[in-house]
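Shown next, in structure tokens, is the structure this report addresses.
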Amino acid sequence: MDYAELSRILDASLDDRLSPGRAAHSRRVAEMSASLCAREGLDPERGRLAGLAHDFCKELPKGEQRELAAIYARGLADASDSSTLMADKVMHGPAASALLARDYGVSDRELLEAVAVHTVGKPGMGSLAVIVYCSDKLEPGRERIDSSYRERCLGLPLRDMLLAVIEGVLRWMRSQGKAVAPETLILYSSLTPGTPTK
Ligand SMILES: [Fe+2]
Ligand SMILES: [Fe+2]
């Protein structure tokens, strides 16, 4: 089955799996991701599929999310990655990735990684993962993002876009008095060697 066909199948089941707001968010992420893929010379249908799938498991009971995420974690070459991915707020990513592989026969490792790490990212993440991560944070339904910041980010080369998006996440988390996920700080440090993050 090709990516466009899989996207149609996923899109058709989105409203059964997700609340209207989250289904709409997923479709906006899919659109932005497809368009950034086209810009970067990647297959836009891969971006669309990853965007549609990224929050596919977010409304499953936590126990089901954990079981699926554990399937993904068992397949990782580096077991040290798994503790990060099993955190409560993050595990819907690896869960969706495991579901795509198990129930939809997806074997595209870059796509599976992009879905798995979309919440907090990962140092060394590939272009598709960067695109899905940024689209998740920049899609036009994100009300805390103003349009000039969005347009500025979208006009940057991919790695600079990632850096600008992470800086936006850090600013927002701190303004809300929320703790920044250690993984986000590690990712930020990997992009800005020598820059203190605290
Ligand atoms: Fe998510
Ligand atoms: Fe999302």
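A few notes on this one:
- Checking Ser147 against (1) surrounded by fewer than 19 Cβ atoms within 10 Å (Cβ to Cβ); (2) more than 15 Å from the chain's Cα centre (by Cα); (3) away from ligand 2 (no atom under 15 Å from the Cβ); (4) closer than 26 Å to Phe56 by Cα, the condition it does not meet: (4)
- With respect to (1) charged (D, E, K, R); (2) surrounded by fewer than 17 Cβ atoms within 10 Å (Cβ to Cβ); (3) under 28 Å from Pro157 (Cα atoms); (4) within 16 Å of ligand 1 (Cβ to nearest atom), the lone exception for Glu110 is condition (4).
- The condition (being out of contact with any helix residue (DSSP H, G or I) (no Cβ under 6 Å at 6 or more places or on another chain) and either over 19 Å from Arg27 (Cα atoms) or among the β-branched types (Val, Ile, Thr) (or both)) is satisfied by just one residue among Gly126, Gly105, Gly121: Gly105.
- Failed condition for Met161, given (1) in contact (Cβ under 8 Å) with a residue 60 or more places away in the chain; (2) under 30 Å from Ala23 (Cβ atoms); (3) surrounded by 13 or more Cβ atoms within 10 Å (Cβ to Cβ): (1)
- Residue among Ala73, Ala116, Ala95 that is over 17 Å from Arg22 (Cα atoms) and within 16 Å of ligand 2 (Cβ to nearest atom): Ala116
- Residues located in the stretch 23-80, provided they are modelled with pLDDT under 95, buried (at least 18 other Cβ atoms within 10 Å of the Cβ) and more than 16 Å from ligand 1 (Cβ to nearest atom): Ala73
- Test result for Arg152, away from ligand 1 (no atom under 15 Å from the Cβ) and out of contact with any Lys or Arg (no Cβ under 7 Å at 6 or more places or on another chain): yes
- Lone unmet requirement of (1) surrounded by 10 or more Cβ atoms within 10 Å (Cβ to Cβ); (2) without any contact (Cβ under 8 Å) to a residue 40 or more places away in the chain; (3) assigned to a helix (DSSP H, G or I) for Val180: (3)
- Residue selection: Ala87 satisfies the criterion of being surrounded by fewer than 17 Cβ atoms within 10 Å (Cβ to Cβ) and within 16 Å of ligand 2 (Cβ to nearest atom).
- For the criterion of being touching a residue at least 60 places away in the same chain (Cβ under 8 Å) and buried (at least 24 other Cβ atoms within 10 Å of the Cβ), Leu100 fails.
- Qualifying residue in the stretch 119-134 (condition: closer than 24 Å to Ser190 by Cα, within 10 Å of the chain's Cα centre (by Cα) and more than 14 Å from ligand 2 (Cβ to nearest atom)): yes
The values are calculated or read from the model by the stated rules, or taken from the named source; none is laboratory data. Please read these numbers as outputs of a predicted model, since none were measured by experiment. FYI the Cβ positions are ideal-geometry reconstructions off the backbone, even for glycines, and counts take in every protein chain you see.
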